[in-house]
Amino acid sequence: MKVRCWGARGSVPVSGPEYLSYGGDTSCLEIRSKDDDILILDAGTGIRALGCELAARQRSDVTLLFSHYHWDHIQGLPFFKLLYNPKARLALGGIGGGGENLLRVLSRALRPPFFPVPLDKVPSTLSVLSYTEETLRVGSLLVRRVAASHPNKGAGFRVEEDGRSLVYLTDNELSLRHRGGLSFADYAAFCKGADLLIHDAEYTPEEYPQRRGWGHSHFADAARLAREAGVGALGLFHHNQERTDEAQDLLLARCRGLLSRPGDPDCLALHQGWARDFSA
Ligand SMILES: [Zn+2]
Ligand SMILES: [Zn+2]
């Protein structure tokens with residue numbers, strides 16, 4: 001499997017010379033199976049550019065799973081080209097737990113006066129996936145879902161193929177258990193031994209107390225989870241909108257400082273355009 005990041009920013013897209021290294025688009029990851037099935041995690045503004053590439057390559061079948069429906073995870077969807085291709089088929093997956101219908105939730109945002117084209121009028125074919133005991137298959141990819149600790153609920157995903165695995169757990173507050181969320185030990189068990197853990201590391205430990213309850217983690221908690229779960233590498237994600245490249249580099253360096261014992265996971269910060277091939 002191959003993974004590529006199309007947006008690593010949290011909360012709201014940003015632009016400007018101070019954000020060039022990490023990028024300004026919000027959450028979107030593309031995962032390709034060995035047979036070239038396409039799994040997309042989140043439809044933040046990063047999905048716009050992904051849609052352009054898929055359209056250029058005449059791809060029309062994708063699976064799109066949402067971690068939750070906060071703006072920064074759905075805002076790119078109206079600008080995702082495949083939505084307007086009558087030949088395209090989008091299999092969509094929701095977050096579970098709340099019993100809310102995914103299409104109904106998205107339709108509240110994709111309709112006038114917020115957007116001219118209502119979701120039920122787009123020319124592509126949309127279907128909603130149902131999980132079997134919190135798992136789903138996308139070609140040769142096995143996807144496991146876990147409830148996130150976040151206001152209004154959320155989900156994280158573990159994606160596996162041929163013994164390799166990555167976990168995408170963003171918008172997850174490890175120091176506070178929101179309604180529907182799990183304990184630190186539960187998250188460590190879910191992430192156990194993954195090759196890569198992509199986790200919310202929006203704050204520094206100094207910033208966190210002022211923002212406790214907002215649904216995000218500081219990097220020291222993400223590092224603690226990565227170590228506890230024995231993952232191969234930790235990928236910091238959901239970069240705060242005020243975090244310039246320089247400040248993000250500093251945050252990454254501090255997190256690497258925490259993970260410097262022998263046997264500790266590697267540490268990186270995802271940026272737009274970042275990619276890794278797990279089959280290599
Ligand atoms: Zn978010
Ligand atoms: Zn959120």
Given Gln241, Thr132, Pro262, which one lies farthest toward the positive end of the charge dipole of the chain, if we put +1 on the Cβ of every Lys and Arg and -1 on the Cβ of every Asp and Glu? Thr132
For the stretch 2-275, what is the convex hull (Cα atoms) projected area averaged across all directions, in square nanometres? 13.9 nm²
Once Lys and Arg get +1 and Asp and Glu get -1 on their Cβ, which of Leu20, His199, Pro116 lies farthest toward the positive end of the dipole of the chain? Pro116
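Quick one: dipole size for the stretch 2-275, taken about the Cα centre, charges +1 on Lys/Arg Cβ and -1 on Asp/Glu Cβ, in debye to the nearest 20.
680 debye
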Summing +1 per Lys or Arg and -1 per Asp or Glu among the other residues with Cβ less than 11 Å from Arg211's Cβ gives -3
Using packing as a proxy for protection, rank 41-47, 272-278 so that the peptide with the highest average count of other Cβ atoms within 10 Å comes first. 41-47, 272-278
Net charge contributed by nearby residues that have their C-beta within less than 12 Å of Leu50 (K/R +1, D/E -1): +2
Say the cut-off is 29 Å between C-alpha atoms; which of Lys34/Lys87; Lys34/Lys121; Lys2/Lys87; Lys81/Lys192 go over it? Lys34/Lys121; Lys81/Lys192
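Order 234-242, 130-138, 183-191 from most to least packed using the mean count of other Cβ atoms within 10 Å.
The most tightly packed comes first, giving 234-242, 183-191, 130-138.
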Which of rounded, prolate or oblate describes the stretch 137-280 when judged by the alpha-carbon gyration tensor and an a/c cut-off of 1.5? oblate
Derived scalar couplings ³J(HN,Hα) [the stretch 62-69; Karplus, 6.51 cos²θ - 1.76 cosθ + 1.60; whole Hz; x for Gly, Pro]: 9, 10, 10, 10, 9, 6, 4, 10
With the convex hull built on the alpha-carbon atoms of the stretch 1-143, volume per residue in Å³ sits at 116 Å³
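A short reminder: the numbers here are calculations on the coordinates, not readings from a lab. Being a predicted model, the structure only gives us computed values, none of them experimental. For neighbour counting, all protein chains shown are included, and Cβ atoms are generated from backbone atoms with ideal geometry for every residue, glycine included.
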